[in-house]
2 protein chains.
Amino acid sequence: MEEKKKIMLAHGGGGRLMADLINRTIVPKFGEGQSVQLTDSAVLDMPAGKLCFTTDSFVVKPLFFNGGDIGKLAVCGTVNDLAVAGAKPVALSLSLILEEGLELEVLERILESIGRTAKNANVPIVTGDTKVVEKGSADSIFINTSGVGVRLDKADPSFARIEPGDAILINGTLGEHGMTIMSQREGLKFQTPLASDCACLHDLTGILYEELGSSVKFMRDPTRGGIAATLNEIAQSARVAVELQEACLPMDKTVQTAADMLGFDLLNIANEGKVLAVVAREDADKALTLWKNHPLGQKAAIIGTITEAADGPLVELVTKIGGRRMVQTPYGRELPRIC
Amino acid sequence: MEEKKKIMLAHGGGGRLMADLINRTIVPKFGEGQSVQLTDSAVLDMPAGKLCFTTDSFVVKPLFFNGGDIGKLAVCGTVNDLAVAGAKPVALSLSLILEEGLELEVLERILESIGRTAKNANVPIVTGDTKVVEKGSADSIFINTSGVGVRLDKADPSFARIEPGDAILINGTLGEHGMTIMSQREGLKFQTPLASDCACLHDLTGILYEELGSSVKFMRDPTRGGIAATLNEIAQSARVAVELQEACLPMDKTVQTAADMLGFDLLNIANEGKVLAVVAREDADKALTLWKNHPLGQKAAIIGTITEAADGPLVELVTKIGGRRMVQTPYGRELPRIC
């Protein structure tokens, strides 16, 4: 039996072995059809305007999960940070921290996923870096993707523009990514398997900015901490209150079951293919229609309203039976290494 | 005795504890005097032109060493990637992967160093990310910095413009960073302590591009793999040969002693405050004078020449006694976790 090829410390030493890894294993996954070479430092032609710049590291465990893997997550996560900021993503960087002993085959599967996701999103990977640490000094692979984009002319998202009366939209059901990861870790099985919602959202956000312009006050992807964390950040930063309608929250039955079994509140659970939008009341229905006509927004809903912060900035949930409860920013212990 | 505060998994959970860490510990280190807020995604006003974009992860061990630390290294490393590409650095991102149990005090020292280095370099940190992994899943802290810059009008570095007759310059002595790290790991002590050359080089590179324009054919910072790796990359990519003069190589006596004791060739050893420049012959002396008048270039020297690749692209060292030997790309095993 042939022994599987593994990453060695020398793969990160800056010498021939590293050059081989980069030229034979990494670059071919991204090279095809790219107009920009993968180099230490990429040079991109940019129009004058507002540049968006973002970064994210990914440490998700397990590396592969139903609906995605660490590579797909790394591309989508950074594309989405640009997307919600109102930018058209232009290029990504890719930085790998590899643990000595990582099977080359695993690395290749991840790189292929990165290449495929980036290609589908039409966002090239233009610059990169590779480091290797001793066995036991990292957990298989950590990935950083940073991204640059150009802000769309019509986009002007800002906490300062959020005001009472604005509607809050989401493009689909809550908590799929987080519950998929947790179920997989706990070994839970369901008749309909859970799948992460991991997706690149720049098309979906772009439509809203293009069609509704300044009516789009703010967007954010509710990842770690779920919509509870994002809505509380909105309330705090915009000095408003948020009223959520429980009856309007799009929920998947199996995801809800998994959350109930594991004792989680889906409001706190990470999404990786969802975006919250705050939209001027008069354009909320238009926004909803635009999203519902998009493959990534079929289950979109208007889930709440911005109100005056009469009692200070807070988020309240109006329950199905008409009660009210405070939705707090989760403390943070819920889900380690979810992304 | 008060127990030292440590990083907990919940610091990466996307909730209140993470917000506290970011708002109380991280942002204050970078906030002062910055025109850009530290956010998920930064928005920067950019002129039309060529954008440079680069990324680097840092896993150096030990975290603190004579002449620097992982934080200073992370800022300088990314600034230097932009600098050698002919760019004026505009902004950096900062992404942290923290191991559960890391002392908050250690994190604060590193963040202060990052803040100080970025401030001195006049390059703001504008966007960031923080992840926490379980104890044993990382080694204290890994840092990714990515950077964006605008290419200087007069800069046009390219392998394609390198030609026989061009001079090769370096701004100072070889191998200080690598030998400092290795000596510290091995517990070697010297009368004159070794210190890393870790420094931001954008001022030094900027001068050359501004003053000599297209005479500057190429620049690169010889980090992992040392000048041996960089010069071989130049030879391969530009299809030329490189002739190095051993007698001209700036060497520090103590660094040389350390290398001899540990059995290393300084040509293969990482630098973190050095830049190699390929300059048209007629402007080589001007370039040397410009660098020698700069604090980071006082020991600058012309160390070799580009020649025809009659026997294929290769790097040769003309020794002090007039012999010749091939300088190969190091294999890679020399120095794990040097940066």
Selection within the range B:245-302 - among the β-branched types (Val, Ile, Thr), within 29 Å of A:GLY12 (Cα to Cα) and under 21 Å from the mean Cα position of the chain (by Cα)
B:VAL255, B:ILE269, B:VAL275, B:VAL278
Hey, can you tell me all the residues within the range A:135-156 that are of a type outside the set (Gly, Ala, Ser) and at the interface with chain B (Cβ under 7 Å from one of its Cβ atoms)?
A:ASP139, A:PHE142, A:ASN144, A:VAL148, A:ARG151
Is it the case, given these coordinates, that B:VAL242 is within 25 Å of B:GLY77 (Cβ to Cβ) and part of a helix (DSSP H, G or I)?
no
Among the residues of the range B:214-234 satisfying the criterion of being within 9 Å of another protein chain (Cβ to nearest Cβ), open to solvent by 20 Å² or more (accessible area, probe 1.4 Å) and not acidic (Asp, Glu), which is nearest to B:ALA280 (Cα to Cα)?
B:ARG220
Can you tell me how many residues in the range A:160-182 are open to solvent by less than 50 Å² (accessible area, probe 1.4 Å) and either within 14 Å of chain B (Cβ to nearest Cβ) or touching a Pro at 6+ places or on another chain (Cβ under 9 Å) (or both)?
11
Condition first: assigned to a helix (DSSP H, G or I) and not basic (Lys, Arg). Can you find one or more residues in the range B:314-331 that meet it?
no
Residues that are over 30 Å from A:THR78 (Cα atoms) and without any contact (Cβ under 8 Å) to a residue 40 or more places away in the chain: does the range B:173-190 have at least one?
yes
Hits in the range A:309-331 (condition: of a type outside the set (Ser, Thr, Tyr) and surrounded by 14 or more Cβ atoms within 10 Å (Cβ to Cβ)):
A:ALA309, A:PRO313, A:LEU314, A:VAL315, A:GLU316, A:LEU317, A:VAL318, A:VAL327, A:GLN328, A:PRO330
Residue list for the range A:33-64, restricted to those being at pLDDT 95 or above, open to solvent by 10 Å² or more (accessible area, probe 1.4 Å) and facing chain B (nearest Cβ under 9 Å)
A:ASP56, A:LYS61
From A:LYS320, A:LYS286, which residue is touching a residue at least 24 places away in the same chain (Cβ under 8 Å), closer than 29 Å to A:SER196 by Cβ, in the same structural domain as A:ARG224 (by TED's automatic domain parsing) and of a type in the set (D, E, K, R)?
A:LYS320
Among residues belonging to the range A:119-133 that are charged (D, E, K, R) and at the interface with chain B (Cβ under 7 Å from one of its Cβ atoms), point out the one that is surrounded by the most Cβ atoms within 10 Å (Cβ to Cβ).
A:LYS131
Just wondering, is there one or more residues in the range A:224-240 that are of a type in the set (Lys, Arg), farther than 14 Å from A:ALA277 by Cβ, in contact with an Asp or Glu (Cβ under 9 Å, 6 or more places away or on another chain) and not assigned by TED's automatic domain parsing to the domain that holds A:GLY67?
yes
Which ones in the range A:72-118 are more than 14 Å from A:THR145 (Cα to Cα), within 14 Å of chain B (Cβ to nearest Cβ) and part of a strand (DSSP E or B)?
A:ALA87, A:LYS88, A:LEU98, A:GLU99
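The values are calculated or read from the model by the stated rules, or taken from the named source; none is laboratory data. Everything quoted here is computed from the prediction, not taken from an experiment. Ideal geometry is used to build each Cβ from the backbone, glycine not excepted, and the neighbour counts take in all protein chains shown. For accessibility, only protein heavy atoms count, side chains too; no ligands or nucleic acids. Shrake-Rupley method; radii C 1.70, N 1.55, O 1.52, S 1.80 Å.
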